[in-house]
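Here the structure is laid out as structure tokens; the discussion comes afterwards.
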Amino acid sequence: MPPRYHVTSVLNRASISRFGLDWTRMGAARGIAGSYSPEQQGCFLAAGEWERDWFVRMNNTGGAVDVWEVHGIDDADLVQSPEGHFYFPGVIAPSEILLVQRDLPPARNY
């Protein structure tokens, strides 16, 4: 299985390192699209580098973001959101993730 990626505010780093990717723990920062509560009951996972970078550019968290590489998730276990993005409807353990990019500044979209 190829890795997937999760993009999130740096404010979530400590919680993710300790608990993994758990959508029920959202609250330290806004979601990548700027929402204050989960848009779906799960964690969005980018399929590859292009989609990962798209989420990084979308950053509406109000600050820098981290990119987490996710392993061990089967594509058949993902759910497609109404917007066409895929999420995992559960918790992804810390042992399944790796922080691969950190403190990426918000993109300047002029």
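Scan the stretch 24-41 and give yes if some residue there is touching a Ser or Thr at 6+ places or on another chain (Cβ under 9 Å), farther than 17 Å from residue 106 by Cβ and modelled with pLDDT of 95 or more, otherwise no. The answer is no; no qualifying residue exists.
Would you pick out the residues in the stretch 39-50 that are surrounded by 17 or more Cβ atoms within 10 Å (Cβ to Cβ) and assigned to a loop (DSSP other than H, G, I, E, B)?
Selection gives 39, 40, 42, 45.
Answer yes or no as to whether residue 75 is touching a residue at least 60 places away in the same chain (Cβ under 8 Å) and either over 13 Å from the mean Cα position of the chain (by Cα) or open to solvent by 50 Å² or more (accessible area, probe 1.4 Å) (or both). Spelling it out, residue 75 is indeed touching a residue at least 60 places away in the same chain (Cβ under 8 Å) and either over 13 Å from the mean Cα position of the chain (by Cα) or open to solvent by 50 Å² or more (accessible area, probe 1.4 Å) (or both). Against the criterion of being touching a residue at least 12 places away in the same chain (Cβ under 8 Å), at positive phi and not small (Gly, Ala, Ser), residue 22 does not qualify.
Looking at the stretch 78-90, which of the residues that are out of contact with any Cys (no Cβ under 8 Å at 6 or more places or on another chain) and touching a residue at least 12 places away in the same chain (Cβ under 8 Å) is nearest to residue 1 (Cα to Cα)?
Of everything passing the filter in the stretch 78-90, 78 is nearest to residue 1 (Cα to Cα).
Tallying residues that are part of a helix (DSSP H, G or I) and of a type outside the set (S, T, N, Q) within the stretch 23-38 yields 2. The residue list 53, 66, 103 contains one member that is open to solvent by less than 20 Å² (accessible area, probe 1.4 Å) and not in a loop (DSSP other than H, G, I, E, B), which is 66. Taking the stretch 76-108 as the range and being of a type in the set (Asp, Glu) and at pLDDT below 95 as the test, only 83 passes.
What is the residue count in the stretch 9-38 for residues that are of a type in the set (S, T, N, Q) and surrounded by fewer than 17 Cβ atoms within 10 Å (Cβ to Cβ)? Qualifying residue count for the region: 4.
The values are calculated or read from the model by the stated rules, or taken from the named source; none is laboratory data. Quick caveat: nothing in here was measured; it's all calculated off a predicted structure. Cβ: placed from backbone, ideal geometry, glycine included. Neighbour counts: every protein chain shown. For accessibility, only protein heavy atoms count, side chains too; no ligands or nucleic acids. Shrake-Rupley method; radii C 1.70, N 1.55, O 1.52, S 1.80 Å.
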